[in-house]
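Bear in mind these aren't lab numbers, they're just calculated from the coordinates by the rules spelled out. These numbers were taken from a predicted model, which means no experiment stands behind them. Quick reminder, even Gly has a Cβ in these numbers, built from the backbone with ideal geometry, and neighbours come from all protein chains shown.
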Amino acid sequence: MIERDIVEFNKNTVVPGPSKKGYGYTYYAKKNFRAGEIVVHGFGKIIDHQTGHISVQIGIKKHFLPRKWTGRYWNHSCEPNCYIKTRKDGFPDWLAMKNIKKGEELTFSYYMTEYEWAKNAAEDAIVCGCESRRCRKKIVSFAQLTKNEQRKNRHYLSKYLLLF
């Protein structure tokens, strides 16, 4: 996929806007989605480290910096409505975990992409405010999940995390 096609696809599926939970910007569904349907294609500049904010991990020492229309405005939830599926080019697609209604905020859990937090990662210090019934009050990385949680969530993870 080329960036132009990704941006065009994403502009038809989501709209960025301020989060109602005070998380800055987020994506909202521009249409109804059925479970399993692709919501957003991720894409961006490849870097070899995690940044303090914004980067998305796609390999052991491989992250990407998304832009507005290529995955920049995802917010965390302890009960997300989207999950990750790695494309052949190594970038993630976000898919609906359940049916999503037009106008609904789109969320995922950072453990689906991030193996562990770098020392400067903002997420490691943030108190989660997702307000879900299962809120942990903390945003966790894959390495912070129990082995049972890692196994249970295998279907929702970036492909590289399946190596652990």
#### Entry: Percent of Cα-Cα distances greater than 27 Å, calculated over the chain
16 percent
### Task
Order these peptides, 78-89, 26-37, by their mean beta-carbon neighbour count within 10 angstrom, highest first.
78-89, 26-37
### Message
With viscosity set to 0.692 mPa s at 37 °C, what whole-number translational diffusion coefficient in µm²/s follows for the range 1-81 from Stokes-Einstein and a Kirkwood radius over Cα pairs?
### Response
241 µm²/s
### Query
Which of the listed residues, 7, 23, 156, is farthest toward the dipole's positive end in the range 3-163, when Lys, Arg count +1 and Asp, Glu count -1 at the beta-carbon?
156
### Query
If you place +1 on the Cβ of every Lys and Arg, -1 on the Cβ of every Asp and Glu, and leave all else neutral, what size is the dipole of the chain about its Cα centre, to the nearest 20 Debye?
340 debye
### Query
Under 5 Å between amide H atoms, partner at least 5 residues away or on a different chain: which partners does residue 138 have, H built in plane at 1.01 Å?
128
### Task
Obtain the nm distance between the two label points defined at residue 31 and residue 99 by a simple spin-label model: each point lies 7 Å from its Cα along the Cα-to-C-beta direction.
1.7 nm
### Summary
Sorting 35, 130, 59 by the position of each Cα along the dipole of the chain (Lys, Arg +1; Asp, Glu -1; all at Cβ), the one nearest the positive end of that ordering is 35
#### Entry: Amide H contacts under 5 Å for residue 14, placed H, 5+ residues apart
30
